[in-house]
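Data block below; observations after.
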Amino acid sequence: MKPKSFLRKVGFGLRPDEKIPEDPLNWAKSQMNSVPNLIWPGKIYSEQEMLDIRVDFTAQEDKIQKTEKNPATAKVKKNKLYRGSGRRYFESYELAIRHHQAVYGNQPVFERFWHFWGNHFTIIDKNKLATFNTGAMQREQLRTLMTGRFADMVYDMTLTWPMIKSLDNFKSRGPNSQFNVNRRRKNKPEKGLNENHGRELLELHTISPNAGYTQDDVINTANIMTGWGFIGGRKGVEAKKIGYQGSLHEPGTHIVLGKKYKSSGFSEKTKGKNQLRDLVEDLCKSAECRRFISWKLCRHFICDDPKPEMIKMVTDAWENSKGMLPQIHQAVIEATWKFGKSNDKFLSPETWLIQIARMTGADWPGDPKIFKYDFKSKLNFKQKKIKYILAELGHLPFRAKQPNGFPDTKNEWLSQEYLVRRIALINNPIQIGLYKNSLPLIDISKKVVEQNFDEPEKFLKFLNSLELKNEQSKSLISILCSRKVLKA
Amino acid sequence: MRISRRIFLAGSTSLILTAPVLSNAIASNKRKNNLVIIMLRGGMDGLTAVPYIGNNILTKARPDIGVNKPIQITADFALHPMLKNYKSLWDQGQASIFHASSIPYTGRSHFEGQYLMESGGIQPYFDKTGWVGRALEGAGIKGLSISLPMPLILRGGRDLDSFMPSKNRLPNDNTLQLLQNDYKEDKMLWEVLSTIRKRPIAMMEPKSRSDRDMKGLAKIAAQQLSDPTGPSVAIFDIGGFDTHADQGGDNGEHAKKLKQFDDVIGTLRKQMGKIFNNTIIASLTEFGRTMSQNGGSGTEHGYGTAILMAGGLLPKSRIISNWPGLEQKNLFEGRDLNSSIDARAVYASILARVLESDHKKIVKDAFFNSDLPDMTKRIFL
């Protein structure tokens with residue numbers, strides 16, 4: 001396909017000063033072999049640090065709720081806690097790291113895939129996970145899994161703290177586990193299975209309903225997953241560790257999609273622990289999984305209704321590499337290069353926002369220095385605007401409402417209100433970091449067209465006509481909300 | 001008695017007749033009927049919203065998440081205590097519940113189920129339009145979704161808008177005209193922008209944050225529905241009914257969500273005034289939840305649930321049901337409240353009433369000529 005359109009289809013477009021790569025296809029493919037370092041110059045909080053902050057926060061908030069009866073005092077105490085713990089700060093900070101990387105990094109194609117997987121393994125907006133945990137987990141775990149096998153990515157993502165928390169597996173217990181046997185003996189009501197995570201592992205993360213699994217398969221997947229949850233929590237304080245407890249596991253062999261999963265191991269503590277790994281390996285080896293994930297990748301990058309020949313390039317690479325992600329990603333890139341059409345894919349609000357920031361050279365998401373926070377003051381607008389703007393656009397990436405994540409087609413991303421939000425944002429370009437002392441808007445608009453349109457003539461002519469009519473102020477919206485830029 | 005009151009109201013709308021724009025409703029000298037669909041995503045538990053109290057079978061199956069302070073409305077059924085506005089409509093003869101019903105889908109996946117509750121079809125991810133959209137297509141009736149996206153349920157209609165209040169301003173129309181020219185080659189973009197440019201001023205003004213809660217949104221919908229030239233259909237979208245853990249009983253997660261639903265209904269009632277008499281509101285969800293609680297004091301994905309209807313177009317308050325019972329042998333696959341009727345039959349009759357159209361035509365337009373019984377008499381007589 002045409003090179004500049006391709007760069008926006010798999011990446012974020014060219015910055016005003018960026019040279020077009022000589023060999024765009026290999027430029028894109030070579031980005032898949034290594035995990036780029038984060039270029040954010042400020043402090044990077046580890047996932048563990050964020051978990052510590054979170055657990056400390058929830059314990060303190062709980063305490064205020066339980067002990068402080070006077071609503072006014074409770075509010076004051078909570079406000080102090082919110083500032084001290086960064087309750088309103090961390091999501092913006094995490095988003096800033098993510099956008100800084102996409103706008104200024106040198107492996108933008110890798111970042112696009114990272115964003116894709118973050119949405120594939122959605123952590124829903126629940127239990128303050130977006131506030132403290134989702135971003136850090138994606139940075140530290142998901143990102144580093146992208147150069148390995150898909151099966152390892154699935155297994156590790158299944159057992160991340162936010163995933164276990166959001167899909168309730170920590171509450172699931174085998175009906176005949178030692179735990180429930182003991183409860184029955186003591187005449188206590190049993191605490192049974194929770195199907196939530198098991199169902200989504202099959203439906204969303206691996207094989208999709210097209211694989212034709214039954215309710216029994218869902219129940220047995222949930223049985224296999226029993227035992228995986230939090231360990232080491234105490235009353236009033238959330239546990240920080242994910243681990244396996246044999247006493248909660250449903251004993252015996254479980255059948256999923258006709259295959260028997262036996263329980264290995266002799267110790268009561270670890271018996272059955274192997275079953276999840278065995279199951280994930282089989283799910284990821286299946287043709288349904290290959291087809292589903294390859295289709296989803298093609299839909300994300302190429303077009304809303306990917307053709308069999310596109311998908312086949314990816315499933316072939318999957319089979320040949322035995323599910324290695326770099327090869328799978330490279331096949332998606334090649335399929336895009338070979339079959340992609342210009343302006344055929346309507347971009348999600350976040351991808352569009354990052355693209356326009358990168359293409360205009362806007363000061364986005366802002367100087368990393370402004371994100372320094374004393375954990376005492378009220379956040380200023382510059383610190384919270386990234387979160388505010390993404391919310392306005394309807395696409396806060398850590399806050400999908402349901403575990404199927406954000407949608408990925410034009411029918412779902414194009415509505416009156418979604419379009420209003422995009423136009424209104426560009427109507428006030430200061431918000432995205434195009435200040436009064438930046439280049440004139442008409443020059444910025446021209447540069448975007450020259451650098452990123454394969455056939456810039458018509459649009460440059462249009463911009464010149466605006467200049468003649470002294471209507472330069474209309475130039476930026478005309479370009480950044482044009483159908484060429486809304487689509488890639 | 002009730003019918004004559006409605007005729008009186010219809011005759012007293014001279015104010016509307018003076019409105020400058022002619023729509024079908026005005027041209028034919030009639031007040032327009034309104035339909036409000038409130039989508040409840042995640043699987044609304046019909047047994048929590050409208051618990052069965054005929055015996056203690058339900059409370060036994062749900063020791064930790066039972067509704068302890070139900071508001072009794074019939075010998076066998078009660079309302080959840082959060083449904084206060086709904087209860088007052090019940091008392092005024094303007095609320096009916098269709099219990100033990102579901103869309104024809106038993107796969108228990110949210111995303112397939114939600115797709116089908118909106119598309120009105122039977123194959124997930126297949127039909128690209130929604131049942132309300134198809135019913136509106138050609139009828140010359142506007143539809144409004146109170147949401148950022150244009151939900152599938154309305155797609156296929158012609159005069160659609162999606163709306164959520166925002167603080168930011170659009171540029172002047174000259175600038176939008178430039179974009180309109182650019183969108184000529186993309187039909188969908190072109191149509192979306194055309195609607196935006198035709199929006200009433202009330203929808204263009206910057207709105208504060210408080211307009212974004214459920215009551216604020218319902219207020220906007222009420223304004224638009226009350227406008228004789230405005231939309232006749234409004235769609236709401238409330239998520240979070242998927243309570244696998246800590247579902248709660250009188251209070252808690254499911255209760256909170258039911259309260260949002262109730263807030264919408266209460267606000268519409270209050271804000272629409274007389275227009276409410278020509279309105280019907282109905283809930284819509286992808287499935288109900290299991291009869292018994294699970295390991296985490298929640299419930300799993302189930303099948304049958306309740307459709308909560310309200311509005312002056314209903315002739316009286318009642319529970320309509322072929323109640324299948326909650327005994328083990330009566331449960332669907334031994335675990336879920338069964339569905340005694342295809343929910344689409346209920347919605348088809350609602351559409352027929354609101355659009356004053358023939359049931360057969362609605363079933364053809366909106367539901368692919370599926371074999372749906374005519375429920376009009378059971379709901380509207």
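The values are calculated or read from the model by the stated rules, or taken from the named source; none is laboratory data. On a predicted model such as this, the values are computed, not experimentally measured, just so you know. Glycine also receives a Cβ, built like all others from the backbone with ideal geometry; neighbour counts cover every protein chain displayed. Ligands, DNA and RNA are stripped out before the accessible areas are found, and what is left, the full protein with its side chains, is counted by its heavy atoms. Shrake-Rupley method; radii C 1.70, N 1.55, O 1.52, S 1.80 Å.
Some observations on this one:
- Qualifying positions in the range A:201-242 - open to solvent by less than 10 Å² (accessible area, probe 1.4 Å), within 19 Å of residue A:273 (Cα to Cα) and either without any contact (Cβ under 8 Å) to a residue 24 or more places away in the chain or in a loop (DSSP other than H, G, I, E, B) (or both): A:218, A:226, A:227
- Residue match in the range A:155-162 (condition: open to solvent by less than 10 Å² (accessible area, probe 1.4 Å), modelled with pLDDT of 95 or more, closer than 25 Å to residue B:301 by Cβ and facing chain B (nearest Cβ under 10 Å)): no
- Qualifying residue in the range B:102-112 (condition: within 11 Å of chain A (Cβ to nearest Cβ) and either under 15 Å from the mean Cα position of the chain (by Cα) or of a type in the set (Gly, Ala, Ser) (or both)): yes
- Where helices (runs of 4 or more DSSP H) fall wholly inside the range A:274-367, the ranges with 1 or more residues that are over 25 Å from residue A:454 (Cα atoms) are A:274-285, A:287-301, A:308-321, A:325-339.
- Residue ID - modelled with the lowest pLDDT, chosen from residues in the range B:128-156 that are more than 12 Å from chain A (Cβ to nearest Cβ) and farther than 12 Å from residue B:35 by Cβ: B:138
- Residues (free of Cβ contacts under 8 Å to residues at least 24 places away in the same chain and either more than 24 Å from residue A:6 (Cα to Cα) or not assigned by TED's automatic domain parsing to the domain that holds residue A:446 (or both)) located in the range A:464-487: A:464, A:465, A:468, A:469, A:470, A:471, A:474
- Residue identified as out of contact with any Lys or Arg (no Cβ under 9 Å at 6 or more places or on another chain), more than 27 Å from residue A:363 (Cβ to Cβ), open to solvent by 50 Å² or more (accessible area, probe 1.4 Å) and at pLDDT below 95 among A:69, A:126: A:69
- In the range B:68-91, residue surrounded by the fewest Cβ atoms within 10 Å (Cβ to Cβ) [restricted to those that are part of a helix (DSSP H, G or I) and not basic (Lys, Arg)]: B:91
- Taken over the range B:164-196, the criterion of being touching a helix residue (DSSP H, G or I) at 6+ places or on another chain (Cβ under 9 Å) and more than 10 Å from chain A (Cβ to nearest Cβ) is satisfied by B:173, B:180.
- For residue B:306, the conditions (1) under 14 Å from the mean Cα position of the chain (by Cα); (2) surrounded by fewer than 20 Cβ atoms within 10 Å (Cβ to Cβ) are fulfilled apart from (2).
- The set of residues in the range A:424-444 being of a type in the set (S, T, N, Q) and open to solvent by less than 50 Å² (accessible area, probe 1.4 Å) consists of A:431, A:438.
- Residue check, residue A:2 of a type in the set (Lys, Arg), over 30 Å from residue A:128 (Cβ atoms) and surrounded by 13 or more Cβ atoms within 10 Å (Cβ to Cβ): yes
- Residue A:404 vs. criteria at pLDDT 95 or above and either under 17 Å from residue A:466 (Cβ atoms) or in contact with a Phe, Trp or Tyr (Cβ under 6 Å, 6 or more places away or on another chain) (or both): yes
- Close pairs (7 angstrom Cβ cut-off, 6 or more residues apart or separate chains): over 8 Å from residue A:226 (Cβ atoms) and facing another protein chain (nearest Cβ under 9 Å) in the range A:164-176, open to solvent by 10 Å² or more (accessible area, probe 1.4 Å) and among the basic types (Lys, Arg) anywhere: none
- Within the range B:305-381, helices (runs of 4 or more DSSP H) holding 3 or more residues that are among the charged types (D, E, K, R) and either in contact (Cβ under 8 Å) with a residue 12 or more places away in the chain or farther than 29 Å from residue B:272 by Cβ (or both): B:359-367
- Residues (among the charged types (D, E, K, R) and more than 20 Å from residue A:27 (Cβ to Cβ)) located in the range A:303-340: A:304, A:305, A:307, A:309, A:312, A:316, A:319, A:322
- Taking (1) more than 20 Å from residue A:6 (Cβ to Cβ); (2) surrounded by fewer than 22 Cβ atoms within 10 Å (Cβ to Cβ); (3) touching a helix residue (DSSP H, G or I) at 6+ places or on another chain (Cβ under 9 Å) in turn, residue A:447 satisfies each apart from (1).
- Some residue of the range B:166-186 being among the hydroxyl-bearing types (Ser, Thr, Tyr) and without any contact (Cβ under 8 Å) to a residue 12 or more places away in the chain: yes
- Of residues in the range A:28-48 being touching a residue at least 24 places away in the same chain (Cβ under 8 Å) and not in a loop (DSSP other than H, G, I, E, B), the one surrounded by the fewest Cβ atoms within 10 Å (Cβ to Cβ): A:48
- Whichever residue in the range B:250-289 is among the small types (Gly, Ala, Ser) and open to solvent by less than 10 Å² (accessible area, probe 1.4 Å) and, among such residues, is nearest to residue A:125 (Cα to Cα): B:255
- For the range A:348-405, filtering for residues that are under 30 Å from residue A:201 (Cβ atoms) and within 14 Å of another protein chain (Cβ to nearest Cβ) leaves 15.
- Matching residues, the range B:197-229, being basic (Lys, Arg), open to solvent by 60 Å² or more (accessible area, probe 1.4 Å) and at pLDDT below 90: B:209, B:212
- In the range B:230-249, the residues that are of a type outside the set (Phe, Trp, Tyr), in a loop (DSSP other than H, G, I, E, B) and either over 30 Å from residue B:66 (Cβ atoms) or open to solvent by less than 40 Å² (accessible area, probe 1.4 Å) (or both): B:230, B:231, B:232, B:239, B:243, B:244, B:245, B:247, B:248, B:249
- Criterion: out of contact with any Leu (no Cβ under 7 Å at 6 or more places or on another chain), in contact (Cβ under 8 Å) with a residue 24 or more places away in the chain and not aliphatic (A, V, I, L, M) - qualifying residue of A:406, A:381: A:406
- Residue A:391 out of contact with any Cys (no Cβ under 6 Å at 6 or more places or on another chain), of a type in the set (Gly, Ala, Ser), crowded, with 20+ Cβ neighbours inside 10 Å and modelled with pLDDT of 95 or more: no
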